[in-house]
Amino acid sequence: MQTADTLIRGGLLVAMDAAERVIENAAIAISGGEIVALGPAAGLEERFQAAETIDASDHIVMPGLINAHTHMADSLFRSLVEDLALEAWLETLWTAERRFVAADTVRLGADLALAEMIRGGTTTALDMFFYPESTAAAAREVGFRLMTGPVYFTFGSPDGKPPEERTESARAWIEEWMREPLLVPCVQTHNHLTVSPEDTQAARALADEYGIWLQTHCSETATEVATTREQFGKTPMRHLADLGVLTGRTVLAHCVHLTDEDVALLAGSGAAAVHNPLSNLKLGSGIADIDRLWKAGVPVLLGTDGPVSSNDLDMWTAMRFAGLLQRGVHEDPTLTPSRDIVRMVTRLAAEALGLGEVTGSLEVGKRADLILIDTRRPHLVPMFDVYSHLVYAVGRDDVSTVLIDGRIVMRERQLLTMNEGATINDSKALAREIAAYMTAQN
């Protein structure tokens, strides 16, 4: 018999590979963090002797979810700023961030976010926040696959770093972190109104120098679009295109308010858009027309945005809203099929982020980033269509076990790689300081 580190057997396998195989009573053999075999359990159990066997009976086994846009450390400010439009909301939030954002608090906020995301079945995230080394260190310790990197911010940055220092410090950051197995470095600009054209181009050049991705916000609100027209005489998308930002290694968060030319520019560039339905709804920013983007050939991914704007990091709720909104807005129940929504948070997301050879589907040769969903719940019985279940019935509390890179980071709802209790207590203590400071400001 062949040996393996872990054998998962007996579940309903939703592979999300190119063939989109669904295998009942399946098994997956994992060795060295890599999937070495998968298929019907009967065949694999005869071939492999594993150091550990996980019984996945009555569970769905699928790739871990990919959160393509978030601000993890903002978990420290959850519900601090409410009932404001984005621009006023940001100014209030930045007041708190300028006072409390530091290397140690970002680490605490990242730990809090990681606990929430792992519990919800998210195994990879693209994060934008200050002090990315703190977030990266938290992810490394926990064993979480993270895409992050230095953030450009020209005007009034909450971290206080001078704009002229950002490129060299960003280059040093990339050099330090680029060889971490679970860390995927990228370059980030906050947006084109907080980052000068010169700094935006410097960020693009740096990303190109290392062949890595660039993320920015784009066309999130009507006010943003109007302000951009006033300042630059063009839409945000045209502005970014003219600066050379749009390439196949660009990720644009939001893309809510787009003209026909914007959509054509986006589609022609190969850049990906990230739909953040919960944040956009809560801030009254509008609803991105992802059906329109799909039809134009734009890769559309899914994100939660930060837990201070959407108030949580729950990808299952984001999936559900992504499916429902298009049908309601267009009055067409045939739009956003469930399988397409699941692709947005698995294989499609991995491919658009340059991780298609690593994660996003369960296939031999890929890393073992996967989750088990317990279907022994009243709201998950019966099940006739597994994709519909994943989008419209499954919730984050149904995730029982999570593996990242073959390592079990949560088993039967117990986090194994972090001290969740200490993180919660420390976050509560800091929250009291934040509340007192913000009260004094008013």
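Would you work out the charge dipole size for the chain about its Cα centre, treating the Cβ of every Lys and Arg as +1 and the Cβ of every Asp and Glu as -1, and quote it to the nearest 20 debye? Working shown, then result.
Details: 37 positive and 61 negative charges, 84 e Å.
Dipole size: approximately 400 debye.
Using the Cα gyration tensor of region 219-279, with a ≥ b ≥ c the square roots of its eigenvalues, what is the shape: rounded (a/c below 1.5), prolate (a/b larger than b/c) or oblate (neither)?
Numbers: a/c = 1.84, a/b = 1.08, b/c = 1.70.
Oblate shape, in that a/c is at least 1.5 and b/c is the bigger or equal ratio.
Using a 1.4 angstrom probe on the protein heavy atoms only, could you order 92, 194, 334 from most to least accessible area? Kindly include the intermediate steps, with their values, before the conclusion.
Numbers: 92 50, 194 15, 334 100 Å².
I get 334, 92, 194, largest accessible area first.
Once ligands and nucleic acids are excluded and a 1.4 Å probe is used, how much of residue 59 is accessible, expressed in Å² to the nearest 10?
My reading of the accessible area for residue 59 is about 10 Å².
HN-Hα J couplings of region 213-224 from phi, Karplus 6.51/-1.76/1.60, θ = phi - 60°, integer Hz, Gly and Pro as x?
These are the phi-based 3J(HN,Hα) values: 7, 10, 10, 8, 8, 8, 6, 7, 10, 5, 5, 4 Hz.
Could the peptides 145-151, 405-411 be put in order, highest first, of the mean number of other beta-carbon atoms found within 10 Å of their residues?
Going by the mean number of other Cβ atoms within 10 Å, highest first, we get 145-151, 405-411.
Using the heavy atoms of the protein chains and a 1.4 angstrom probe, tell me the accessible area per residue for region 199-342 in square angstrom.
Accessible surface, normalised per residue, equals 33 Å².
Starting from the 7 Å offset along Cα-to-Cβ, what nm value, one decimal, do you get for the label separation of residue 229 and residue 171?
In this crude label model, residue 229 to residue 171 measures out at 4.0 nm.
Work through the residues other than residue 159 whose Cβ is under 9 Å from its Cβ and net out their charges, Lys, Arg +1 and Asp, Glu -1.
With Lys, Arg at +1 and Asp, Glu at -1, the net is +1.
Ignoring any ligand, DNA or RNA, what whole percent of the accessible area of the chain comes from carbon and sulfur when the probe is 1.4 angstrom?
50
All other residues with a Cβ under 13 Å from the Cβ of residue 76 taken together, and with Lys, Arg as +1 and Asp, Glu as -1, what is their net charge?
For residues surrounding residue 76, the net value is -2.
Could you tell me the center-to-center distance, by alpha carbons, between region 1-53 and region 179-237 in angstrom?
If we compute the Cα centre of each part, the gap is 41 Å.
How do 1, 315, 418 stack up against each other in accessible area, from largest to smallest, with a 1.4 angstrom probe?
Largest accessible area first, the residues go 1, 418, 315.
I'd like the orientation of helix 197-210 relative to the chain: the angle between its Cα long axis and the longest Cα principal axis, in ° from 0 to 90, rounded to 10.
Its long axis makes an angle of about 30 degrees.
Rounding to the nearest 10 and keeping the result within 0 to 90°, find how far the Cα-based axis of helix 166-177 lies from the longest principal axis of the chain.
10
Which value, in Å², gives the accessible area per residue of region 350-442 when a 1.4 Å probe is used on the protein heavy atoms?
Result: 48 Å² per residue.
Counting heavy atoms of the protein chains only and a 1.4 Å probe, report the per residue accessible area for region 1-99 as a whole number of Å².
On the way: 3900 Å² over 99 residues.
Here the per-residue accessible area is 39 Å².
The values are calculated or read from the model by the stated rules, or taken from the named source; none is laboratory data. Keep in mind the model is a prediction, meaning the values are calculated, not measured. In this analysis, Cβ positions are derived from the backbone assuming ideal geometry, glycine residues included, and neighbour counts consider all displayed protein chains. Protein only, heavy atoms only, side chains kept; ligands, DNA and RNA dropped before computing areas. Shrake-Rupley method; radii C 1.70, N 1.55, O 1.52, S 1.80 Å.
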